[in-house]
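Here's the structure we're looking at; comments come further down.
Here, each number is a calculation from the coordinates, and none is a lab measurement. The model shown is predicted, which means the values in this text are computed figures rather than measured ones. Note that we place each Cβ from the backbone using ideal geometry, even for glycine, and neighbour counts take in every protein chain shown.
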Amino acid sequence: MKRRNFIKLAGAGATALIISPTLANCVSPSSANFKGHTLNELPYAYNALEPYIDAETMELHYSKHHKGYFKKFTAAIEGSELEKTPMHLIFKHIHKYDDAVRNNGGGYYNHSLFWSCLNPNGGSPSAELAKAIDDDFGGMDQFKKDFFTQAKTQFGSGWAWLVLNKAGKLEVGNTANQDNPLMPDSDIQGIPLIAFDVWEHAYYLKYQNLRGDYINAFWNIINWNEINERYANAKSGKWLG
């Protein structure tokens, strides 16, 4: 399932970023060889994203929130066919399942995408993606404004997204709680390229009520290398296998 070998941190105090474009099996959801749901370690040290996201927030966010979602999700599907069902297929039929699967499965999946969107040495948009941003938003500045609006105006807890929609165009939007664009009843539909967490636990220790400052900081640690790869795979039809 993994596109590259995952390299573990050499030690808990390591500060170098270890790049892993697919943090967990759920992020690359081809069903051909799917063995089950897993939760990998963060692909970087807790302090690797400072000063934009502090180490304490990262540790709590990953070790308490993300791991908690994964534990509750796997408990909710224990003994069922969902243990061997890729996440995109679970979300496709999410109306069949109870809130424990929706909320915790969404939390597990969304966070896995979010971690891989972060990298202080994340490169820049590919020529292909940059052209699509120009074509679909009118340029990078307008894209960032539109994304900011979606992240800032999501009422309460939720997520902001960049997706490749069914028309083959880039689109931004938001979802509440742990919903995502793979769920048929989501307000935004498409293949996720950027997942951005706007739950208060993602930023409140450092930014308190200044969500806008947290959103603006994101552009300093965005992992364009990962997003470029997601976009290329989505355009070529490889993303869902």
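Quick notes on this one:
- Residues in the stretch 145-182 reached by a label modelled at ASN209 [backbone nitrogen below 12 Å; 7 Å Cα→Cβ]: none
- Here the convex hull built on the C-alpha positions of the stretch 45-104 has a volume of 107 cubic angstrom per residue.
- GLU41 versus LYS169: modelled label distance in nm, points set 7 Å from Cα along the beta carbon direction: 4.4
- Out-of-range pairs (alpha-carbon distance over 25 Å; input LYS72/LYS144; LYS71/LYS144; LYS144/LYS166): LYS72/LYS144; LYS71/LYS144
- Rounded to the nearest 20 debye, the dipole magnitude of the chain is 620 debye, with +1 charges on Lys and Arg beta carbons, -1 on Asp and Glu beta carbons, and the Cα centre as origin.
- Here the label points at ALA100 and ALA75, each 7 Å from Cα along the C-beta direction, are separated by 0.8 nm in the simple model.
- Per-residue ellipticity at 222 nm computed for the chain from its helices equals -11000 deg cm²/dmol, with DSSP H segments shorter than 4 residues left out and the rest contributing -39,500 (n - 2.57).
- If R0 is 22 Å, the Cβ-Cβ spacing of ASP135 and TRP219 corresponds to a FRET efficiency of close to 0.60.
- For the stretch 127-236, the relative contact order is 23 percent, taking Cα pairs closer than 8 Å that sit 6 or more residues apart in sequence and dividing their mean separation by the residue count.
- Per-q log10 I(q)/I(0), the stretch 41-180, q = 0.18, 0.20, 0.21 Å⁻¹ (Debye; single scatterer per alpha-carbon; no solvent): -1.22, -1.33, -1.36
- Across the chain, the relative contact order, built from alpha-carbon pairs under 8 Å that are at least six residues apart, equals 22 percent.
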